[in-house]
């Protein structure tokens with residue numbers, strides 16, 4: 001079922017070549033024509049958002065991302081086309097819009113609660129939760145004008161999160177606050193995903209798109225040029241802006257993050273510590289990843305993803321999700337990450353890609369096909385995982401019998417003996 005449907009939307013702005021700020025300039029402009037430049041922000045955009053999905057919209061500055069969000073929210077009207085929204089909606093486009101600097105933190109949240117339509121019975125509780133989430137309990141009676149810009153942004157975000165709606169529109173709002181606050185925000189959105197709320201996120205943070213989103217859309221010059229699984233769309237965008245370069249022989253692209261920390265090497269080890277590239281389904285192995293710091297890092301987030309031969313991701317994990325802090329790494333140092341896992345996979349060829357990001361989830365480096373390995377010995381014929389299921393059967397003597405004759409069990413051995 002669709003939550004949002006955008007059909008053939010066009011939007012054009014007229015940008016004057018000169019701006020008149022004084023009365024004299026405005027009077028003189030009456031006697032000479034004012035020239036304008038037409039800027040086509042959106043050019044025939046068609047977009048369908050399924051209910052309960054998390055969609056990321058990416059693209060360069062001026063590509064039309066924020067304009068599209070404002071049209072979906074109703075803040076702007078399209079020149080052509082139509083937008084259909086099925087359900088209630090809240091838009092977090094400008095945090096704190098409507099706050100009064102002369103009111104206290106608590107008074108502003110209470111005022112905003114009325115605007116956002118908090119349930120009447122829960123206003124008091126949700127106001128308290130918003131202030132607590134923003135970390136501003138000590139400042140609840142302080143006037144908003146006395147708070148820092150970051151504190152006001154956190155308050156706006158926390159207040160907006162308490163609104164009940166079927167659909168949420170988010171425009172670069174995950175950039176607010178420090179690393180701890182952003183981690184809290186990401187946890188909230190993970191919860192929203194589990195509750196199947198429909199969310200559209202506009203962001204420049206490609207790591208967030210790959211972590212949070214079910215699908216992604218790439219805008220260029222007001223047109224959708226790619227849509228689909230986040231890894232593929234992100235790769236298309238990074239190729240477009242020159243952050244990665246596909247090799248001439250069609251191999252995986254070489255990713256170029258900021259280069260502060262680079263993935264240097266990697267391999268698999270069996271339980272005896274020997275390097276291996278051929279595993280029996282169910283074997284316990286360790287992925288070893290070495291990274292080299294080309295600049296001082298305050299502790300990179302390191303992760304791996306296992307991909308199947310068809311390019312799909314069958315498993316991914318990183319230190320942030322596991323709550324494992326990595327130590328600061330001075331420039332010139334090399335660190336080794338050891339990641340044990342159970343190769344409970346069906347027969348086939350697999351590859352491991354490894355990446356390093358900073359604590360704000362901005363890319364340092366990502367290596368495709370760092371390790372390649374094969375899995376054998378699985379009895380499973382379909383799917384991606386071998387869960388080592390057992391099949392047990394017994395024959396009942398009659399319908400009223402409470403006892404049964406056990407038949408020797410058959411076990412589908414896809415794992416260890």
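The values are calculated or read from the model by the stated rules, or taken from the named source; none is laboratory data. As the structure is a prediction and not an experimental result, all values here were calculated from the model. In this analysis, Cβ positions are derived from the backbone assuming ideal geometry, glycine residues included, and neighbour counts consider all displayed protein chains.
Within region 222-244, does at least one residue satisfy the condition of being modelled with pLDDT under 90, assigned to a loop (DSSP other than H, G, I, E, B) and exposed (fewer than 15 other Cβ atoms within 10 Å of the Cβ)? First the steps, then the outcome.
Here is the first cut: in region 222-244, the residues modelled with pLDDT under 90 are 228-244.
From the residues that got through so far, the ones that are assigned to a loop (DSSP other than H, G, I, E, B) too are 229, 241-243.
If we keep only those that are exposed (fewer than 15 other Cβ atoms within 10 Å of the Cβ) as well, we get 241-242.
Scanning region 222-244, I find at least one residue that is modelled with pLDDT under 90, assigned to a loop (DSSP other than H, G, I, E, B) and exposed (fewer than 15 other Cβ atoms within 10 Å of the Cβ), so the answer is yes.
Does region 137-146 contain any residue that is part of a loop (DSSP other than H, G, I, E, B) and either closer than 20 Å to residue 50 by Cβ or at pLDDT below 80 (or both)?
First pass over region 137-146, keeping only residues part of a loop (DSSP other than H, G, I, E, B): 140-142.
In the following step, the residues that additionally are either closer than 20 Å to residue 50 by Cβ or at pLDDT below 80 (or both) were identified as none.
No, that holds for no residue.
Kindly indicate which of 97, 68, 92, 76 is modelled with pLDDT under 90, assigned by TED's automatic domain parsing to the domain that holds residue 223, in contact with a strand residue (DSSP E or B) (Cβ under 8 Å, 6 or more places away or on another chain) and within 30 Å of residue 154 (Cα to Cα). Break it down into steps so the answer makes sense when it comes.
Details: 97 fails: in contact with a strand residue (DSSP E or B) (Cβ under 8 Å, 6 or more places away or on another chain); 68 fails: modelled with pLDDT under 90; 76 fails: modelled with pLDDT under 90.
After ruling out the rest, the residue left standing is 92.
All but one of (1) in contact with a strand residue (DSSP E or B) (Cβ under 8 Å, 6 or more places away or on another chain); (2) in a helix (DSSP H, G or I); (3) farther than 30 Å from residue 49 by Cβ hold for residue 160; state the number of the condition that does not hold.
Evaluating residue 160 over (1) in contact with a strand residue (DSSP E or B) (Cβ under 8 Å, 6 or more places away or on another chain); (2) in a helix (DSSP H, G or I); (3) farther than 30 Å from residue 49 by Cβ leaves (3) as the failure.
Take the residues of region 335-392 that are in contact with a helix residue (DSSP H, G or I) (Cβ under 7 Å, 6 or more places away or on another chain) and in a strand (DSSP E or B): which is surrounded by the most Cβ atoms within 10 Å (Cβ to Cβ)? Break it down into steps so the answer makes sense when it comes.
To start, the set of residues in region 335-392 that are in contact with a helix residue (DSSP H, G or I) (Cβ under 7 Å, 6 or more places away or on another chain) comprises 357, 359-363.
If we keep only those that are in a strand (DSSP E or B) as well, we get 357, 363.
Numbers: 357: 26, 363: 23.
Result: 357.
Looking at the structure I just gave you, is residue 209 at pLDDT below 85, under 11 Å from the mean Cα position of the chain (by Cα) and outside any strand (DSSP E or B)?
Details: at pLDDT below 85: yes; under 11 Å from the mean Cα position of the chain (by Cα): yes; outside any strand (DSSP E or B): yes.
So residue 209 fits the description; yes.
How many of the residues making up region 320-333 are surrounded by 12 or more Cβ atoms within 10 Å (Cβ to Cβ) and more than 28 Å from residue 185 (Cβ to Cβ)?
2
What residue, of 183, 152, is surrounded by 21 or more Cβ atoms within 10 Å (Cβ to Cβ) and at pLDDT below 90?
Going through 183, 152 in turn, just one is surrounded by 21 or more Cβ atoms within 10 Å (Cβ to Cβ) and at pLDDT below 90: 152.
Within region 67-82, does at least one residue satisfy the condition of being farther than 27 Å from residue 226 by Cα and touching a helix residue (DSSP H, G or I) at 6+ places or on another chain (Cβ under 6 Å)? Explain how you work it out, then say what you get.
So the first thing to find is which residues in region 67-82 are farther than 27 Å from residue 226 by Cα, and the list is none.
Scanning region 67-82, I find no residue that is farther than 27 Å from residue 226 by Cα and touching a helix residue (DSSP H, G or I) at 6+ places or on another chain (Cβ under 6 Å), so the answer is no.
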